[in-house]
Structure formats: structure tokens, C-alpha cells
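Okay, structure first, notes after.
The values are calculated or read from the model by the stated rules, or taken from the named source; none is laboratory data. From a predicted model like this one, the values you see are computed outputs, not experimental measurements. Quick note on the areas: whole protein, heavy atoms, side chains included, nothing else; ligands and nucleic acids left out. Shrake-Rupley method; radii C 1.70, N 1.55, O 1.52, S 1.80 Å.
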Amino acid sequence: MSVFAEAMRQRVRDARAALALARAEGDAYGTAVAADELDDALRTAHRHGVDPDAPDPPDARESPDGEEPSAGRA
């Protein structure tokens with residue numbers, strides 16, 4: 001996955017969390033700001049072909065045993 005796609009998914013997650021928090025706190029202004037940020041993040045993701053709800057794959061730089069691919073290998 002590209003760094004851009006990862007960043008877009010994180011932006012959407014952050015915006016959703018901010019919106020949920022603002023709603024839970026009854027913050028009308030915060031809700032409006034967070035909703036606008038979420039709308040912008042989703043629009044940007046879709047414009048660039050990023051599925052904001054796709055699961056993030058495991059880090060491709062790690063091997064299944066959790067070590068760096070070159071760690072401990074000659």
C-alpha cells in the first residue's frame with residue numbers, strides 16, 4: 001500500500017474519532033468542524049482511488065515472526 005493511501009485512511013479514522021467525540025460532548029461547533037473534515041477526507045480519498053474503509057495490510061517490511069527481513073540473516 002502506498003504511503004498516501006495509509007495517510008488518507010488515517011486521516012479518515014482521525015476525523016471519524018473527532019466527530020464521535022464532539023457529538024458525545026454535545027459540542028455543536030466541534031461537530032460541524034469535524035463533520036467538514038471527515039467530508040473533505042472522504043472526498044479526497046475517493047478522488048484518488050483510496051478506499052477509506054479497506055483494512056490496512058500487515059506491515060510488508062516485517063516478516064511473519066515480527067523481525068525485520070534482514071535481521072539475523074546473512
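Observations, loosely collected:
- Residue list for the range 22-45, restricted to those being open to solvent by 50 Å² or more (accessible area, probe 1.4 Å) and under 27 Å from Pro57 (Cα atoms): Glu37, Asp39, Asp40, Arg43
Every residue, every condition in (1) modelled with pLDDT of 85 or more; (2) under 19 Å from the mean Cα position of the chain (by Cα), yes or no:
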| position | (1), (2) |
| --- | --- |
| Asp14 | yes, yes |
| Leu21 | yes, yes |
| Gly30 | yes, no |
| Val33 | yes, yes |
| Leu42 | yes, yes |
| Pro69 | no, no |
| Arg73 | no, no |
